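A.B. asks: Here it is, the structure in full.
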Amino acid sequence: MTQKRKIILGIDPGTVIMGFGILACDGNRLSMLDMDVVKLNGKKDMFERLGIINQTIQSLIERYQPTAVAIEAPFFGKNVQSMLKLGRAQGVAIAVAMSNQIPVSEYSPKKVKQSITGNGNSDKEQVWKMLNRIVPLKHTLRYYDASDALAVAVCHHFAQHGTIPSAPTKKKKAARAVSSWETFLKNNPERLRK
């Protein structure tokens, strides 16, 4: 029985810069189809920017036919107005996916970083470097919002398959596939804290 190819649209919502990443999954083989940002003019009316987000997400859905949408949850900061705007952008993206009958999953920034680097406190550059090891990337990075969106898509893939990446290394003997946390812990009991 062959597995159907899955396409995940990852979104890093924003009202000035919105990142998106399109990930193709053929079993455990991952490839990036697209990764970029939509730059929105901060001087434009908020509702006009939300309309552009709506149109962009709809266009991406029509072009790539994703089987799932993964979106980063808002980071809770001190600025209430920023949180409100970010929540609106996220809501529009979710509504477009739902109106196209595409399942949506939400991941916290910490969860995304943890799934990519193994450390929920990693910085954006560390996430980008690990993404380069997990997914063959052809792009040069212009905005971390784009790599954050791709990371959300990869996080969703790992969450659905219960897998963690095994980063390729230069030393062949060091490269060992780890299929799940359970396998990792069984093979490395000394790493378990008591």
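A.B. asks: I want to make sure I understand the PRE zone here: with the label point 7 angstrom from the Cα of residue 124 toward its beta carbon, which residues in the range 26-48 have backbone N atoms less than 13 Å away?
C.D. replies: 37-38
A.B. asks: Would you kindly give the portion of the calculated P(r) for the range 6-163 that falls above 20 Å, as a percent of all Cα pairs?
C.D. replies: That fraction is 44 percent.
A.B. asks: Subtracting the Cα-Cα distance from 0.36 nm times the residue separation, let me have the gained length for residue 29 to residue 63 in nm, one decimal.
C.D. replies: 10.1 nm
A.B. asks: Another question about this same structure. So what does log10 I(q)/I(0) come out to for the range 75-155 at q = 0.19, 0.22 Å⁻¹, using the Debye formula with one equal point on every Cα and no solvent?
C.D. replies: Here log10 of I(q) over I(0) equals -0.95, -1.12.
A.B. asks: Kindly work out what percent of the DSSP beta bridges joining two residues of the range 6-163 are antiparallel, to the nearest 5.
C.D. replies: Approximately 70 percent, going by the DSSP bridge assignments.
A.B. asks: Past 25 Å, Cα to Cα: identify those pairs from 39/124; 4/110; 4/124; 39/85, in the order given.
C.D. replies: With Cα atoms farther than 25 Å apart: 4/110; 4/124.
A.B. asks: With a Cα-only, solvent-free Debye model of the range 44-88, what are the log10 I(q)/I(0) values at q = 0.18, 0.20, 0.25 Å⁻¹?
C.D. replies: -0.70, -0.81, -0.97
A.B. asks: Whose amide H sits under 5 Å from the amide H of residue 33, counting only residues 5 or more places off or on another chain, with H placed in the peptide plane?
C.D. replies: For residue 33, the qualifying residues are 22, 23, 24.
Read-outs throughout are calculated quantities, based only on the coordinates presented, and are distinct from any laboratory measurement. Everything quoted here is computed from the prediction, not taken from an experiment. Positions of Cβ are backbone-derived with ideal geometry, glycine not excepted, and every protein chain shown enters the neighbour counts.
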